[in-house]
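Single-structure report; data block below.
The values are calculated or read from the model by the stated rules, or taken from the named source; none is laboratory data. Note that the coordinates shown come from a computational prediction; the quantities given were computed from them, not determined experimentally. Ideal geometry is used to build each Cβ from the backbone, glycine not excepted, and the neighbour counts take in all protein chains shown. Just the protein is used for accessible areas: all its heavy atoms, side chains included, with ligands, DNA and RNA removed. Shrake-Rupley method; radii C 1.70, N 1.55, O 1.52, S 1.80 Å.
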Amino acid sequence: MRYLLAIVLTSSMLVLTDGKMTITDNAYTGITIAIHENVPEEALLLHNIEDAFTKASQFLYEATRNRAYFGEITVLVPETWHSSPIYDAATIETYGTSDFRLEATDETTPFVNNPFTIQFGPCGDPGIYTHLTDGFFLDDTIPLDMGALEKVLVHEWGHLRFGVFDEYPLSPNQNFYVTSAGRVEGCTVSTGSGSIYTSSTGAAGCSETGPLPWISCEFRDDEIQDTGYGSLMYRQFLPQITEFCDDDPNNAKTKHNPDAVTQHNTQCNGRSVWDVMNSHEDFNNVNPPVDIPDTKPVIKFVQARPSRVVLVLDVSGSMSGLRLNKLLQGCYHFISCIANGCTSVSIVTFGSDAHKKHDLVKLDSTTRASLIDALPYSTSGSTAIGKGLLQALEILEGDGDPQGGNIILVSDGAENRAPFIADVKGDVIAAGVKVHSIAITNDAESKIDDIARKTGGLSFLFLPDRCWFCVEGADEAKNIQVHGGSVSTSSGKGQFIISQDVSKDTRVIFEYQASPRIEFYLESSSGQLYGPGSSEYSCQDKFNTCVFEFSLMETGTWMYFVTTTDGSSASASVTVLGKNPKITIEAINSDVYWYHTAIDDIVVGTEIIQTIHATVSQGASCATVTFIKAQCVSGYLPVVQANVTVTVERPGNDGPVTFMLLDDGAGADINKDDGIYSGYFSAFTAPGRYGSMLSVESTSGSAISGQGTLGIGGGSPAASASGLPSSSAANVPTGEFQRSVSGQSFQLMAFTDQGKKIYLPAQISDLTVADFSINDQSVTLTWTAVGAELDIGTASQYEIRYANDSTSLRSSFDQQIIVVQDMIVNGADPNKPKDAGQTEVFTIVLPEDDMVYYMAVVAIDNDRTENASSPVSNVVPVPLVQLPDMAPEKDTGWVGSISFIVTMAALGLVVMAIFIIPAVVYFYPKSKQERKRSTCLFDKAKFIQKWRASHNISAAAEANAIVERIRRRNEINNDIIIIV
């Protein structure tokens with residue numbers, strides 16, 4: 001629990017709920033821009049931030065058609081900067097909870113000054129934060145590359161506030177696709193005019209022929225002075241782009257193209273950006289267009305203050321024994337070595353009454369010892385939580401202004417003596433103090449989590465018979481948790497890995513119950529044994545704690561074990577912490593997050609409690625979807641191919657459940673290889689608290705991406721969201737490493753129909769055309785199998801349907817033509833889905849050639865009272881048409897849009913690109929046949945025999961060969977297999 005105490009000071013591991021940002025009368029307020037302490041102090045930076053956001057406010061007002069602007073913005077400057085008369089004292093503002101997070105430019109990082117926004121949720125859900133750098137505001141060349149800063153900021157605001165996505169193709173292979181009319185077309189909307197060229201030579205036109213992709217073909221926009229073109233989620237640096245795309249058929253400049261292969265279309269089911277924005281709570285029947293003569297925001301600057309923490313500790317009768325022992329161990333480590341020297345700490349205890357055990361003092365060697373001596377060693381009485389909160393508030397008020405103070409509230413039971421939390425909550429909120437709750441078991445008072453949420457604090461579940469930990473940060477001054485586990489005299493040796501980036505000031509901490517004859521030992525990778533008598537070893541019998549401390553620890557795999565001098569049995573928890581010596585690379589850092597698609601307030605007695613509902617109605621699911629997200633990064637570079645698992649503690653008698661999180665771009669995961677690992681959670685058992693423990697371990701393929709950015713991924717044209725070319729740097733192997741992190745808890749207050757399935761099968765989001773043949777009239781589709789419930793288990797069947805246009809599939813899937821078993825020629829069976837997470841491969845013969853088909857799939861679970869179908873998958877086009885050569889001269893008839901993708905470099909490294917160039921090229925096939933819907937009437941046996949013979953492949957080896965071909969194409973194309 002000691003690290004749960006540490007996390008509340010610095011962590012950004014938030015349960016994702018509505019933030020402080022609001023819009024009233026068209027004006028956004030509560031926006032926070034926070035400057036990291038690594039940014040050099042620079043007055044010009046503050047001036048340029050104010051100037052950029054003032055211009056962005058006016059541009060946002062125009063782009064939202066007079067519906068929104070920035071009203072109030074707070075800029076948080078770091079505590080390490082000099083004080084200034086223009087700075088007020090910070091209150092609730094922190095770096096880890098801010099909307100825009102500004103760090104120092106790191107010249108060793110690709111896309112060094114490119115802004116990006118972290119998005120965890122589905123289409124329409126706000127992003128988490130937008131990352132900026134000081135170089136973005138100070139480098140005069142940035143507008144030349146990215147466009148005016150105000151346009152870039154509004155582009156990112158689309159991600160951050162409205163939950164829309166980039167209108168770029170999904171892969172470097174998606175330069176073009178073929179429309180239902182047989183024309184080659186690109187993505188998004190018109191920008192006026194432009195020209196085709198061959199990227200390898202720079203020559204006009206492109207000589208590629210045959211099936212797409214035409215990798216060497218690119219399109220260059222003309223920059224024109226006319227305005228009103230879209231879309232701002234595309235190439236905002238073009239001067240003519242000033243709008244978000246919409247569905248207005250009368251405005252060709254901004255008309256959305258739902259068929260373009262873009263992340264926005266995939267995530268938002270073909271909807272236009274403006275349609276998503278109009279459905280957002282900011283604009284849905286509120287904040288209509290209004291004339292605002294002055295959109296300049298009120299910008300105030302506040303300076304971070306040293307942390308002030310009051311530990312409010314439950315010492316009621318129920319906290320005796322193991323619980324008190326764990327509480328003391330946590331407080332001891334927090335005071336002695338976790339909290340930094342700038343922190344001030346006080347201690348309050350409460351049972352039937354509340355008592356100040358120590359004044360608020362700044363930490364140094366003397367005050368740390370004094371605080372440790374003041375820790376409680378006995379328990380008794382009732383549980384008067386309100387009294388403890390009032391006593392803590394009085395201490396913070398005695399220090400001057402209580403705003404920005406922190407209360408860490410630890411309790412194990414229901415409050416049963418006045419004043420109650422409800423009686424004092426208003427005073428705490430009015431004082432601007434954050435309460436962070438730590439529940440000792442699920443029996444703890446539910447309202448402690450409510451006051452934490454209402455004050456902007458964090459909540460955790462701590463089980464005293466298990467080890468729960470967290471990460472405080474990942475720079476040279478912060479602790480990084482490497483390992484958390486347990487050991488006993490009967491369990492043998494445990495092990496952990498020390499990598500170079502956590503080898504400084506490393507501590508291995510053992511906590512145990514009373515056992516005076518217990519001894520702990522470490523064995524390094526080189527065979528060196530450490531234990532009692534070693535200079536690195538010390539014990540605090542008073543707190544049942546032993547610690548190994550190394551100023552610079554040997555890297556490699558370490559073993560640990562425990563013995564007793566009298567042969568008795570004993571056990572202990574184990575925690576390994578290290579710091580980054582900053583020798584070569586940024587430390588690998590991990591965080592874990594709960595993410596809920598909807599959170600409601602319900603009335604419990606006289607209190608309004610935030611809750612996640614999981615309910616089932618007749619024949620349909622209406623449950624909140626819960627995700628678990630974890631990020632694994634080095635700086636802001638993704639760490640890919642790590643083994644990421646999460647263990648969820650649950651109420652009731654079912655015990656914890658452990659499952660993997662994946663960074664594969666399927667199911668709950670948005671982008672492949674972006675350093676964000678994702679999974680659905682559906683294993684609810686009963687009302688109560690749910691907490692999480694993250695474990696990250698390296699694999700043989702683990703690497704720091706040289707071609708990606710956190711939340712965006714590598715090899716993607718969206719790798720730079722602002723218009724700069726992407727990196728071709730090679731991945732850097734991580735070597736062996738471990739991380740361990742505790743996440744926040746949430747409460748499930750309502751859970752009905754236990755034992756029934758709550759959720760639908762997950763949407764298939766990675767449907768891909770892996771191969772097709774015009775001669776055979778065949779297409780090979782691949783996707784990642786989903787489960788009967790989200791991505792758990794196995795679905796009962798698939799329905800694959802096709803149409804002549806994508807709109808029909810999205811709007812009326814059930815009315816389109818179904819693919820029957822006779823049309824599937826590789827032995828796959830839609831009535832026998834694979835287990836969730838496996839790759840499905842279906843080779844399908846279509847009834848006609850010389851036409852473009854659009855295809856989609858749903859997964860169905862029949863093991864319910866009524867069948868449950870997943871949402872319709874992403875739609876893919878299948879162009880069974882002969883394509884002509886591309887005209888070499890500059891085209892003058894561009895309408896619609898063409899994708900701009902920087903192609904593959906000569907050495908085969910994928911260069912990520914981010915531009916989508918609006919225009920459409922019309923290319924007509926040499927011949928056309930009359931196209932109409934028809935059923936597939938042919939001799940299946942004869943066709944399959946001919947098809948296999950022409951491909952020189954046996955029936956048994958057919959599926960394996962297809963999978964192997966896809967795998968190899970993955971390796972060549974940087975894990976991208978989409979071909980259209």
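Distance between the 7 Å Cα→Cβ label points at Asp850 and Ser551: 8.3 nm. Given +1 at the Cβ of Lys and Arg, -1 at the Cβ of Asp and Glu and no other charges, the dipole of the stretch 768-879 around its Cα centre is 160 debye to the nearest 20. Of the residues Leu552, Leu132, the one with the largest accessible area comes first in the ranking Leu552, Leu132, computed with a 1.4 Å probe on protein heavy atoms.
For Val435, the residues whose amide H sits under 5 Å from its own are Ile407, Thr455, Gly457, ignoring neighbours fewer than 5 places away on the same chain, with H placed 1.01 Å from N.
Please give the length that would be gained between Gln882 and Ala369 if that part of the chain were fully extended, namely 0.36 nm times their separation in residues minus their C-alpha to C-alpha distance (nm, one decimal). Don't skip to the answer; put the middle values down first.
Numbers: separation 513, 0.36 × 513 = 184.68 nm, distance 8.08 nm.
Extending this stretch completely gives an extra 176.6 nm.
Counting heavy atoms of the protein chains alone, Leu46 has an accessible area of about 10 Å² for a 1.4 Å probe. Label reach from Asn653 (point 7 Å along Cα→C-beta): in the stretch 662-704, amide nitrogens under 20 Å belong to 683-690.
Spacing of the modelled spin labels on Lys493 and Thr105, each 7 Å from Cα toward Cβ, amounts to 5.0 nm.
Applying 1/(1 + (r/R0)^6) with r as the Cβ-Cβ distance of Asp291 and Asp139 and R0 = 35 angstrom yields a FRET efficiency of 0.45. Of the listed residues Cys632, Cys342, the order by accessible area with a 1.4 Å probe, largest first, is Cys342, Cys632. Averaged over residues, the count of other Cβ atoms within 10 Å places the peptides 525-535, 735-745 in the sequence 735-745, 525-535, highest first. Considering all different alpha carbon pairs of the stretch 307-477, the Kirkwood hydrodynamic radius works out to 15.9 Å. Provide the solvent-accessible area of His47, counting protein heavy atoms only and rolling a 1.4 Å probe, rounded to the nearest 10 Å². Taking all protein chains as shown, His47 has close to 110 Å².
On a per residue basis, the convex hull of the C-alpha atoms belonging to the stretch 768-879 measures out at 94 Å³.
Applying the Kirkwood pairwise sum to the alpha-carbon positions of the stretch 403-554 produces a hydrodynamic radius of 18.6 angstrom. Karplus-based coupling profile of the stretch 401-416, in residue order and whole Hz: 7, x, 4, x, x, 10, 10, 9, 9, 10, 8, 10, x, 6, 5, 9, with θ = phi - 60° in 6.51 cos²θ - 1.76 cosθ + 1.60 and x standing for Gly or Pro.
Once you list every other residue whose beta carbon is under 15 Å from the beta carbon of Ala89, what net charge do they have if Lys and Arg are +1 and Asp and Glu are -1?
Values: positive: Lys300, Arg305, Arg308, Lys434; negative: Glu79, Asp88, Glu93, Glu397, Asp399, Asp401.
Net charge around Ala89: -2.
Take each of the peptides 368-380, 264-276, average the number of other beta-carbon atoms within 10 Å over its residues, and list them starting from the highest. Before the final figure, lay out each step's value.
Values: 368-380: 15.3, 264-276: 23.1.
Result, highest mean Cβ count within 10 Å first: 264-276, 368-380.
Protection proxy ranking for 642-648, 815-821, 440-446, using the average of other Cβ atoms within 10 Å per residue and placing the highest first: 440-446, 642-648, 815-821. Close amide H pairs (under 5 Å, H built 1.01 Å from N) link Glu445 with Gly413, Ala414, Glu415, residues at least 5 positions away or on another chain. Since only Val820, Pro761, Pro830 are under comparison, the one whose Cα sits farthest along the positive direction of the charge dipole of the stretch 754-830, derived from C-beta charges on Lys, Arg, Asp and Glu, is Pro761.
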